[in-house]
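S.K.: Have a look at the structure that comes next, please.
FYI, it's all coordinate maths here, none of it is from the lab. Quick caveat: nothing in here was measured; it's all calculated off a predicted structure. Here the Cβ positions follow ideal geometry from the backbone for every residue, glycine too, while neighbour counts run over all protein chains shown.
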Amino acid sequence: MRAALNRRRALLLSAALACAGSAWAQADWPSKPVKIVVPFAPGGTTDLTARIVAEQLTQVLKQNFIVENKAGAGGNLGAAEVAKAAPDGYTFLMGTPGTQAINQFLYPKMPYDTAKDLVPVSFVVRVPNVLMVNPQLPAKDIKQLIALLKAQPGKLSYGTPGNGSTGHLSTELFKTQAGVFVTHIPYRGSGPMLQDLAAGQVQMSIDNMPSALPLIQAGKLVALGVTSAQPAPQLPGVPTIASVLPGYEAEAWFVLVAPAGTPQPIIDKLSAEVDRILKKPEVAERFAKLGATPVGGTPKQLGDFIAAETRKWQQVVKVSGAKVD
């Protein structure tokens, strides 16, 4: 009887110590470098956003936040790595509409469960996409581009950061509404795609404004329209696509998510820090120059947003007939 009682006491003590240790580890977080996985190549908006956030978090939390690029499969490779990582608060993903909402409806087999394996942390920024062409293309506005595509069905190509990106789905939506056909060439990120677009390897693209803006401002690409409901102040004189194709609207967004099972106190702490960072005037100004709008908010608000976006993009995939190329 006494032996059984002693065993029970030992078990209770062990459990109490484990809980205390876990609580201490969470309170001490982060006690080592934290990794933010970007599921695309360097140079794109996902990468730029992650690096701004990582730089700020490193300063605030006095621990290195390291950005690691892992491109492939429309973001699925990087997202799967995070989904399978230890849920200890030291690995996060800079998620996109592709990794969090679109890919599950495009790919016949996913390496992770979008809804179950990754949990929301913080809404970072939202950005409009921009329709742009190589300067050598004889189309100087949206109507001329549509006329050119109709005259040469399938002969021209459009580049995107990858299958399932908002660039991919935004262009498929454009094709559906304009009644045109143009060949999709997916890349492993915005950086290499934009280089090929400027070189004339592909003729057009719809991509995130932050990664495209420097090339547009340098005259290496020509912006014809923005995908947002309102014109973008960063591109004065550039109309909305909706001014030619009524009802057209598609924006990109970038969010921090974590492996399911990551302790809630860590998620809440990181979310609160990111929210504070995004409210800094100097940070807001950096994002504004890129054409991005800081959002912030709670993990619950982000979860509700992702659920709504998932329903929206599921319908776009269905209506457009978009497929993995």
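S.K.: In deg cm²/dmol, rounded to 500, what helix-only [θ] at 222 nm does the chain give when every DSSP H run of at least 4 residues adds -39500 (n - 2.57) and the total is split over its residues? Walk me through the numbers on the way to the answer.
M.R.: On the way: 12 runs with 148 residues, N = 325.
Dividing the helical sum by the residues of the chain leaves -14000 deg cm²/dmol.
S.K.: Of 164, 133, 147, which is farthest along the charge dipole of the range 71-175 in the positive direction, counting Lys and Arg as +1 and Asp and Glu as -1 at C-beta?
M.R.: The residue sitting farthest along the positive end of the dipole is 147.
S.K.: State the Cα centre-to-centre distance between the range 238-276 and the range 28-69 in whole Å.
M.R.: That distance is 16 Å.
S.K.: How far is helix 190-199 tilted, in degrees, relative to the longest principal axis of the Cα atoms in the chain, given as a value from 0 to 90 rounded to the nearest 10?
M.R.: Approximately 20 degrees, to the nearest 10.
S.K.: Can you tell me the orientation of helix 264-278 relative to the chain, as the angle in degrees between its alpha-carbon axis and the longest Cα principal axis, to the nearest 10?
M.R.: Here the helix axis deviates by roughly 40 degrees.
S.K.: For the range 41-132, what is the per residue volume of the convex hull drawn over the alpha-carbon atoms, in cubic angstrom? If you can, show how the numbers build up before the last one.
M.R.: Details: hull volume 10.8 nm³, N = 92.
Convex hull volume per residue, Cα atoms: 117 Å³.
S.K.: Pairwise over distinct Cα atoms, reciprocal of the mean inverse distance: report the Kirkwood radius of the range 54-186 in Å, one decimal place.
M.R.: Numbers: mean 1/r = 0.0578 Å⁻¹.
Radius from the Kirkwood sum: 17.3 Å.
S.K.: Then there's this: Counting DSSP beta bridges in the chain, what percent are antiparallel, to the nearest 5?
M.R.: Values: 23 of 38 bridges.
If I count the DSSP bridges inside the chain, around 60 percent turn out antiparallel.
S.K.: For the chain, what is the convex hull volume of the alpha-carbon atoms per residue, in Å³? Could you put the intermediate results ahead of the total?
M.R.: Numbers: hull volume 43.3 nm³, N = 325.
In the chain, the Cα hull volume divided by residue count equals 133 Å³.
S.K.: Using only alpha-carbon positions, what ratio does the radius of gyration of the range 183-252 give when scaled by 2.2 N^0.38 Å? Before the final figure, lay out each step's value.
M.R.: On the way: Rg = 12.3 Å, N = 70, 2.2 N^0.38 = 11.1 Å.
Taking the Cα Rg and dividing by 2.2 N^0.38 Å, one obtains 1.11.
S.K.: Using the Kirkwood formula on the Cα atoms of the range 190-310, what hydrodynamic radius do you get, in angstrom to one decimal?
M.R.: It is 16.7 Å.
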